[in-house]
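Student: There's a structure below that I have some questions on.
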């Protein structure tokens, strides 16, 4: 009898093995933050530019569609696996052959494996490696601040947002006049690019924010926007106000540009707001991030002087203009009107469960990210003003 020829490794397995080896090496190297920064500053922007030129041609987020498709494929895989497992056991007991259609199942699972490897590849190079870099791609920031540094930061923010508040265009009723969201995003990109000397990855082409198909779930889960790392796309909740859209789109664009930690994306949004030539963006950005800085200053006063004296000292400091709160209320009203203008047939069944899942998700994210969570932006803002204060003192101003 002629001996069968041994088959070598097929092209499918060769590709998967090579991809797996490359990913293993890249994953190992990701534990060197400076190396991750080099990748994110020099290679990642080119990948994003090519990707964004393609995805910007599509009016919806491809990543969102793929997310739904992935859920369907996963469900189909589980069902197929159960069906074929049961059939195989039954035929084994009866002493029969492999169940019919097993070749189809084998091909299906090979496709699933290829998809898993492809998704892992995309997440590794489009999210994990940039995420593993240093915060803002820079050395560690100052973590403790004196009372005077806290006062300086707080009062600078009050002065900035009060001045911007008075410069905003208003109608005859005193309400702020906003442009449409497309024009707002142009303003955001312009402001972000103005920071590119310090953050080179903010140069180049930007992906467009796209309204999420599942905006209802975004709303119920208190999600303003989401960046799909594997497709390098930004999706936003279509019910957010135009005022909030400045900071929201800037935050998500920062993620898309490689600043994947929440504190650094928030800080890019803050700095971009300060650098903006539009007082509406300045006002919204500083107002949003002011309150945690304000709390830090107040509680520092309480720790040093006690609550009664701290209250007296606090109210002697400059305070936010009352008009800022009217503008904030106007934005909240707009968001409520946007939501009320549409029907939400799934609200009764899914809004509460979605909110409960979101609460767990937000809490888990805060624990995992720790100082790199949303609240961590306060330390970065305080460090920014502490440096500014020292430079001001050196120059004798």
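Derivation of every value follows stated rules applied to the coordinates shown; laboratory data play no part. The model shown is predicted, which means the values in this text are computed figures rather than measured ones. Using ideal geometry, Cβ is built from the backbone for each residue, glycine included, and neighbour counts are taken over all protein chains shown.
Student: Which distance in nm do the two modelled labels at residue 175 and residue 103 give, with both placed 7 Å along the Cα-to-Cβ direction?
Tutor: Inter-label distance under the simple model: 6.8 nm.
Student: Let me ask another. Could you list 338, 248 so that the one with the fewest beta carbons within 10 Å of its beta carbon is first and the one with the most is last?
Tutor: The most exposed by this proxy come first: 338, 248.
Student: Also, quick follow-up: Suppose we keep just the DSSP beta bridges with both residues in the chain; what percent of those would be antiparallel, to 5?
Tutor: Roughly 60 percent of the DSSP beta bridges within the chain come out antiparallel.
Student: If you stretched the chain out fully between residue 73 and residue 28, how much longer would it get, using 0.36 nm times the residue separation minus the C-alpha to C-alpha distance?
Tutor: Going from the current span to full extension adds 13.2 nm.
Student: List, largest first, the extents of the alpha carbons of the stretch 266-397 along their principal axes, each in whole Å.
Tutor: 62, 35, 33
Student: Quick one: helix 322-340 against the long Cα principal axis of the chain, what's the angle to the nearest 10°, folded into 0 to 90?
Tutor: Tilt of helix 322-340: around 30 degrees.
Student: I'd like the FRET efficiency for residue 116 and residue 13, computed as 1/(1 + (r/R0)^6) with the beta carbon distance as r and R0 of 22 Å, rounded to 0.05.
Tutor: Efficiency at R0 = 22 Å is approximately 0.95.
Student: While we're looking at this one, here's another question. Could you state the per residue volume, in Å³, of the convex hull enclosing the Cα atoms of the stretch 11-135?
Tutor: Enclosed volume per residue, from the Cα hull, is 160 Å³.
Student: Give, in whole angstrom and from largest to smallest, the semi-axes √(5λ) of the equivalent ellipsoid of the stretch 165-314, with λ running over the eigenvalues of the Cα gyration tensor. Please report the intermediate quantities before stating the final value.
Tutor: Working: eigenvalues 172, 76, 60 Å².
So the equivalent ellipsoid measures 29, 19, 17 Å along its semi-axes.
Student: Can you tell me the FRET efficiency between residue 362 and residue 143 if r is taken as the Cβ-Cβ distance and R0 is 25 Å, rounded to the nearest 0.05?
Tutor: Efficiency at R0 = 25 Å is approximately 0.55.
Student: Kindly provide the Kirkwood hydrodynamic radius of the chain in Å, to one decimal, from all pairs of distinct alpha carbon atoms.
Tutor: 24.4
Student: Would you mind ranking 374, 178 by Cβ crowding within 10 Å, fewest neighbours first? Mind showing how you got there, number by number?
Tutor: On the way: 374 17, 178 20.
In increasing order of surrounding Cβ atoms, one gets 374, 178.
Student: Using Cα atoms only, what is the angle between the long axis of helix 181-193 and the major principal axis of the chain, expressed in degrees (0 to 90) to the nearest 10?
Tutor: 80
Student: Could you give the length gained by full extension between residue 166 and residue 58, i.e. 0.36 nm per residue of separation minus their alpha carbon distance, to one decimal place?
Tutor: Gain on extension, residue 166 to residue 58, equals 35.0 nm.
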